[in-house]
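A quick write-up on the structure given underneath.
What follows is calculated from the coordinates using simple rules that are stated; it is not laboratory data. Computed from a predicted structure; not experimentally measured. Glycine also receives a Cβ, built like all others from the backbone with ideal geometry; neighbour counts cover every protein chain displayed.
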Amino acid sequence: MQFGAIEAGIGWVAWTLQALDEAYKKHHMFARPKLKFLPSEYFKQNGFSSFQEDKVGLDLAREYGLVDNFLWANDFPHHEGTWPHSAQAIERTMDGLNDEERAKILGLNSARIFGFEVPAKYHA
């Protein structure tokens, strides 16, 4: 099963996963069913979140192992999205990511999650 938070940003993800793991570690004896993995590991294996402009979340993506879980969107044609200034928004917010990480977040993660074919020349 896969699950996602759409149009909810990503800045909250690292904090939430850390808080869920901490709570589970402290109170696992009361949790039913017992988990085989920490909550953060379930999210990393099965979850994703989309965003438009969220520099804080992007700054935490690599540190918390979430590059494979984030999906960029421009929310076209809605006025609150980044379109028609998406390229500038990408440069403004993704300066801390390398080309491989950008490629994943800008489209390869979506292709993997939703089963879209991607020509080999676009793979990171």
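The table below gives the values:
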read-out: The stretch 1-44, Rg to Rh (Cα coordinates; Rh as Kirkwood inverse mean 1/r); value: 1.01
read-out: Sparse-neighbourhood loop sites, GluC sites (Glu not before Pro) in the stretch 36-73 - DSSP loop, at most 10 other Cβ within 10 angstrom; value: Glu63
read-out: FRET efficiency, Arg112 to Met29 (Cβ-Cβ, R0 35 Å, nearest 0.05); value: 0.45
read-out: At most 15 other Cβ within 10 Å, DSSP loop - trypsin sites (Lys or Arg not before Pro), the stretch 39-109; value: Arg62
read-out: Debye, to nearest 20: dipole size of the chain, +1 on Lys, Arg Cβ, -1 on Asp, Glu Cβ; value: 660
read-out: Efficiency of FRET between Phe37 and Gln88 - r from beta-carbon atoms, R0 41 angstrom, step 0.05; value: 0.55
read-out: The stretch 17-42 versus the stretch 65-101: alpha-carbon centroid distance in Å; value: 31
read-out: Projected-area average for the stretch 1-121 over all orientations - Cα convex hull basis, square nanometres; value: 8.7
